[in-house]
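Written below as structure tokens is the structure these notes are about.
Just so you know, all these numbers are worked out from the coordinates, no wet-lab data involved. From a predicted model like this one, the values you see are computed outputs, not experimental measurements. Note: ideal-geometry Cβ built from the backbone for every residue, glycine included; neighbour counts use all protein chains shown.
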Amino acid sequence: MSSISSVIKSIQDIMRKDAGIDGDAQRLGQLSWLLFLKVFDAQEEELEFEQDNYRCPIPERFLWRNWAADSEGLTGDALLDFVNNDLFDSLKNQPANIDLNPRGYVVKEAFSDAFNYMKNGTLLKQVINKLNEIDFTDSSERHLFGDIYEQILRDLQSAGNSGEFYTPRAVTRFMVNRIDPKLGERIMDPACGTGGFLACAFDHVKAHYVETAADHQTLQQQIMGVEKKQLPHLLCTTNMLLHGIEVPVQIRHGNTLDKPLSSWDSDIDVILSNPPFGGTEEDGIEQNFPADLRTRETADLFLQLIIEVLKKGGRAAVVLPDGTLFGEGVKTKIKQLLTSECNLHTIVRLPNGVFAPYTGIKTNILFFTKGQPTKDVWFYEHPYPAGVKSYSKTKPMKFEEFEAEIAWWGDEADGFAARVENEQAWKIDFAAEQAAAQQQAAPLLLQATERQAQVEALASAINALKDQQKAAVAKALTPLRNKRTKLAANSCADQAQMAQLELRIIEAQQTAAAPFEADIATQQLQQQQLQQEIRQLNQQANAITDAIYNLDRKNPHVGEQISHDPDELLVRYAAEQKEIKTLRDQLKAILSDALGKGAVKQEGQA
């Protein structure tokens with residue numbers, strides 16, 4: 001039998017000859033539904049052998065063995081007609097209920113948006129015959145195919161595809177290793193892609209905690225994922241079948257962000273995820289989130305969702321870009337939410353090129369546990385191994401590189417007491433920074449509160465003046481209005497006399513109101529000046545307290561490194577401009593205060 005890798009290569013070469021397939025994405029889309037049906041049928045054979053009176057969840061004529069296994073079977077136009085007009089149409093529209101026929105439902109979901117791109121039935125038959133060289137009922141061959149499948153999934157990725165990038169296997173394994181999901185814990189990836197984290201978590205639990213057939217059934221039920229796009233969803237479902245999940249109905253095809261955040265239950269034990277970053281959601285999705293945390297940036301929305309769905313004591317490991325660490329505005333508010341509701345105990349800073357060649361964006365792994373606020377944050381700067389200056393598609397990161405982190409890690413139960421600082425690791429006392437920032441901002445907030453009290457006192461004084469003004473005007477106008485009423489009642493009244501009376505009313509109103517206008521205007525101006533000062537004081541206080549949420553902390557054990565990355569330079573420039581504006585506002589407030597006191601002094605002397 002040919003090696004599996006050569007079979008896959010031959011299939012790709014055959015597909016390149018077909019006029020209906022344009023590019024790698026369509027080749028992978030074509031291969032994905034074929035692989036799904038072949039893997040599904042191999043699993044069906046096992047279930048038929050293991051279970052008495054087993055019933056096929058789809059019409060039997062659509063099982064791989066009944067239309068594709070015979071190398072001399074359907075081909076050419078007859079094969080195309082069967083696939084396009086019978087197989088696809090029937091599998092998409094079969095009445096499979098998720099409760100009554102869950103495996104049938106999985107097939108229906110998998111084919112909901114699948115498509116046969118090939119237009120040449122003879123070439124399609126050649127692809128099918130090549131796939132038949134792989135025996136998925138052979139456990140050793142299936143395990144070997146699992147490695148090849150990883151390569152297929154890597155080939156799916158391309159830079160700039162809505163911020164979606166294949167997570168290197170080494171990173172996935174490290175995150176699962178440190179989170180250590182247990183048997184019975186609900187494990188979720190809300191942006192599961194092709195299922196790398198879920199497959200790795202499944203393997204981890206199976207290797208460390210599964211001992212009986214009942215344990216294996218428990219494991220099958222505890223894996224959950226959601227994927228927005230059809231092709232990755234189909235690949236993920238196939239991935240779960242390959243790993244032995246018989247009914248992967250928990251792998252849902254949809255957008256996790258498309259329902260209100262408040263409607264989610266907080267019942268997830270473990271989240272492992274690399275949500276899309278750099279991309280944005282369609283209009284309206286942000287309305288599902290709290291007003292002060294709304295954004296269209298996908299990664300920011302997913303981080304909020306992850307915090308929400310974790311149960312108390314739930315653990316998460318999430319890949320996020322540097323932009324999340326140093327970002328301001330809504331990003332700061334999300335980090336405030338994260339550090340108040342969760343213990344963000346560790347940030348592993350990954351080196352450049354981990355996601356090469358798909359993106360050069362610098363990334364981090366955030367480890368946190370829900371239920372307690374953050375006190376200390378440990379940083380670990382993952383170095384390149386000796387002799388390596390960058391990663392590439394042919395020379396990716398290896399799991400063994402994380403051995404130093406694993407040895408250093410310690411135990412969350414004792415607050416990571418065994419951890420020590422070294423060239424790669426350092427700690428910040430986040431709670432102390434928070435307290436210091438609040439203490440530094442307190443005088444500014446106190447001044448703002450005092451000025452607010454002055455604003456409210458002025459508002460009361462202005463209202464009192466307006467009431468006095470209203471009473472004075474009413475007193476002045478009452479006799480004139482009475483006279484007008486009498487004059488209007490007289491049918492013989494002189495129109496000129498009436499017009500003259502109206503002018504007297506207007507003049508009397510202005511005369512009565514005038515003594516109050518200057519005082520009202522003066523106090524309104526004072527009120528506006530105080531409100532401006534309050535805004536400036538609050539801005540200064542917020543700048544102080546927000547600064548601690550810049551988690552882009554540099555390694556203190558190495559010298560300052562000069563970055564030439566345009567994105568980092570732009571962020572640094574924006575931060576410097578903001579600092580200049582803050583200083584300018586402070587100077588304006590000081591000058592305004594000094595000038596105001598000088599004017600008051602001159603009035604007193606006068």
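Tabulated data
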item	result
Global form of the chain, assessed from the alpha-carbon gyration tensor, a/c cut-off 1.5	prolate
Sum of -39500 (n - 2.57) over DSSP H runs of 4+, divided by residues of the chain (222 nm, nearest 500)	-18500 deg cm²/dmol
Reachable lysines from residue 182, criterion Cα separation under 22 angstrom, eight or more residues apart if same chain	206, 311, 312, 370
Degrees separating the helix 430-489 axis from the principal Cα axis of the chain, which is the longest one	50
Neighbourhood net charge (14 Å Cβ-Cβ; Lys/Arg +1, Asp/Glu -1) for residue 410	-4
Only Lys, Arg (+1) and Asp, Glu (-1) charged, at Cβ; the chain dipole about Cα centre in debye	2640
Between 0 and 90°, nearest 10: helix 330-341 axis offset from the chain longest Cα axis	70
Net dipole in debye of the range 356-479 [+1 Lys, Arg Cβ; -1 Asp, Glu Cβ; about Cα centre; nearest 20]	940
Cα gyration tensor shape of the range 1-137, rounded if a/c is under 1.5, else prolate or oblate by comparing a/b with b/c	prolate
Total charge dipole magnitude, the range 1-137, about the Cα centre, Cβ charges on Lys, Arg, Asp, Glu only, Debye to nearest 20	480
Antiparallel DSSP beta bridges within the chain, percent to nearest 5	55
Residue order, fewest to most beta carbons within 10 Å, for 33, 426	426, 33
Selection from 80, 230, 446 lying farthest towards where the dipole of the chain points positive, charges on Cβ	446
Selected from 515, 386, 71, residue furthest toward positive end of dipole (the chain; charges at beta carbon)	515
DSSP-assigned coil residues among trypsin sites (Lys or Arg not before Pro) in the range 353-384, each with at most 16 further Cβ atoms within 10 Å	375
